[in-house]
1. Hand me the GluC sites (Glu not before Pro) from the range 23-127 located in a DSSP loop with no more than 10 other Cβ atoms within 10 Å, in residue order please.
2. Quick one, which of [x] 58, 23, 19; [y] 53, 34, 26; [z] 63, 41, 31 is the actual Cα extents along the principal axes in Å calculated for this model?
3. What residues from the range 1-17 fall in the zone where the backbone N is under 19 Å from a label point 7 Å along the Cα-to-C-beta line of Phe78?
4. When only DSSP loop residues count, what chymotrypsin sites (Phe, Trp or Tyr not before Pro) in the range 1-89 have their Cβ near at most 15 other Cβ atoms within 10 Å?
5. Using the alpha carbon gyration tensor of the range 11-63, what are the three equivalent-ellipsoid semi-axes (square root of 5 times each eigenvalue), largest first, in whole Å?
6. Let me spell out the model: positive unit charges on the Cβ of Lys and Arg, negative unit charges on the Cβ of Asp and Glu, origin at the Cα centre of the chain. What dipole size does that give, in debye rounded to 20?
7. Could you tell me which residue out of Ile41, Ile21, Leu62 lies farthest along the dipole of the range 6-121 toward its positive end? Charges go on the beta carbon: Lys and Arg +1, Asp and Glu -1, centred on the Cα centre.
8. What ranking of Thr77, Thr117 emerges when the number of other C-beta atoms within 10 Å of each C-beta is taken as an exposure proxy, fewest first?
Amino acid sequence: MGFITSKAHTMIGLIVGLVLILAPFLFGFSENAPATMVPIIIGIFIIINELITTSPASPIKLVPMKTHIIIDVLTGTFLAVSPWLFGFFDTENPIQWVPHVLVGFLIIGYALATTTTDERDTSIASS
């Protein structure tokens, strides 16, 4: 399916989750409650989601990578449309919404570029 390994995907996801949590404070839009809460909640969700996949880099092997990829695409889509869903799309202050859209599309992109072979798939193949 893609060129990013599931292990690399997990590492990217953990970094993206952390950056999302910090984004409102790094980019200076923390005074806008919806614009702040969405990336913080999504960032926490992404970190937890990365830690429970069947990727070799995940400590808890619960969610198969194919399912995880679908969840990532839905998460990225939600993040990208969140400025319109929660009413903080503001053409006069794009710093409040542009990061949400860009990172949302980044999440979709790296999800779709990830191989879905996971630890469970390789253990079944080697049996």
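Where a number appears in this text, it was derived from the coordinates with a stated rule and is not lab data. The structure presented is a predicted model; accordingly, all values stated were derived computationally and were not measured. Heads up, the Cβs are rebuilt from the backbone with ideal geometry, glycines too, and the neighbour counts pull from every protein chain shown.
1. On the way: sites: Glu31, Glu50, Glu92, Glu119; in loops: Glu31, Glu92.
Here the sparse-neighbourhood loop sites are Glu31, Glu92.
2. Entry [x].
3. What the label zone holds, given the 19 Å backbone N cut-off, is 10, 13-17.
4. Numbers: sites: Phe3, Phe25, Phe27, Phe29, Phe45, Phe78, Trp84, Phe86, Phe88, Phe89; in loops: Phe3, Phe27, Phe29, Phe86, Phe88, Phe89.
Here the chymotrypsin sites (Phe, Trp or Tyr not before Pro) that fit, given the DSSP loop and packing criteria, are Phe3, Phe27.
5. Values: eigenvalues 134, 20, 5 Å².
Value: 26, 10, 5 Å, ordered largest first.
6. Details: 4 positive and 8 negative charges, 71 e Å.
So the dipole magnitude of the chain works out to roughly 340 debye.
7. Leu62
8. Values: Thr77 14, Thr117 17.
Final ranking by Cβ density, sparse to dense: Thr77, Thr117.
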